Each structure stands twice: as C-alpha cells, then as structure tokens.
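Bear in mind that the values in this text are calculations on the coordinates, not laboratory data. Source: prediction; values computed, not measured. Every residue, glycine among them, receives a Cβ derived from its backbone with ideal geometry; neighbour counts consider all protein chains shown.
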Amino acid sequence: MAQIFPHKYRDPDQGFVLNEPAVYKLHFGKKYFIWKGKTLKGSVEQNFTDIYKLYLRSLVPADHLFFPIVSYIRKARVLAAEVEVIIQTTDPKQLLQAEADALNTGRDDENCLNAVFEPHIPKWLAEALEQFKPAVKPGPAKKKKAPASNKAITDTFTPIDDITPVKSSVKSPVVAKTGPGKLSKLAEAFAKMGK
C-alpha cells in the first residue's frame, strides 16, 4: 500500500458517504486547501498520497498545484491534517456552485493554500453536467431563405488571380485536380454569372 499523509475527518458523526462526490477542505494546521472529488474517500486519499510523495522529494516545481501545500507543511512542520466536508451531493450543479463559493471566500483568506480560484471541471463532472442539459424539442427545422439572385454571391467573390500566392508545402487538392491556370477560368465563369 502506498504511504499517505496522516489525516482524519472533522465531525465524523455527520455520517459522510465515502463513495459519493464532495467538496471539501484539507486543513494543515491553520491553513487549508479546497478541492472536490468524484468520491470523498478516493479523492482525499489520492490527494494525501500525492502530497506525501511531493513532501518526500527534495524539490517541488513552483508551478505544481500542491507546491503551496508542501511548502507550508515543511515550513510549519505539520505532522497531520484534517478533512472538513463542505458539501456532499450527487447533483453536479450544487457541487460546482459549492466549490465556486468556497473558492471565492478563500480568495481573500490568507490561510487558503489554493493557487487557482476557478472551479476545475474534470471529465466525470462534465459528463454528469451533460445529462442535465435541456432536451431540444423536436420539430421542423427553419428553412433558410435563398438569395434573390446569384449577384449576392458574386458581390463578395474575390477572383483567385487577385489573391497574393503564399508558398506552402501542402498542395491544394483543387490545384492538383484542375492544374495551374484553370482556377482563373473558374473565377471568370463565376464573374460572368453575376452580370
């Protein structure tokens, strides 16, 4: 079994469901980190395993998500952590809103160790949110009006001869099929249609 940072749950009498989604705070002494997970237990254990692995490394990249946590743990010599559940729900909208509210509150709090204050939408949550999109009512598609004449098309048409050629290593399939010089004839035919 992988080693994990020592931790316990705050208010264990609340009756958490360890295999349901949750937004929670990881408390390291007086500072905390806000996160959400598909399952409370799995997410908490994964975060504490990752934090412990980074804690054991001599160098942690400064742009790493857990850099502020590991730096604080080393500086304050934190030996254990606590998990505080903010909300536990299977409703993805409530989960996302609770995380956004917690991050907005943490933005102004010097004890918040989050480096990013925008809610992250992982694949599992995006899939759950897709299910809640309103269904499109079936019905006849709206028909587009046809232009009164071909003049509307040729007014915005730029003959190919007027375009400055750009060198490219990729051959256009149109040029490959028609050959050089035939595109200008095609442009002339479109121009005559507009007259």
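Things worth noting here:
- Estimated at 0.36 nm per residue, the fully extended path between GLU110 and SER71 surpasses their Cα-Cα distance by 12.6 nm.
- Computed over neighbours whose Cβ is under 15 Å from that of LYS53, the net charge equals 0, Lys and Arg +1, Asp and Glu -1.
- Extension gain for LYS41-LEU18 works out to 7.8 nm (0.36 nm per residue, less the C-alpha to C-alpha distance).
- Size of electric dipole in the range 7-130: Cβ of Lys, Arg +1 and of Asp, Glu -1, about Cα centre, debye, nearest 20: 640
- Net charge, GLU118 excluded, C-beta distance under 12 Å - Lys, Arg +1, Asp, Glu -1: 0
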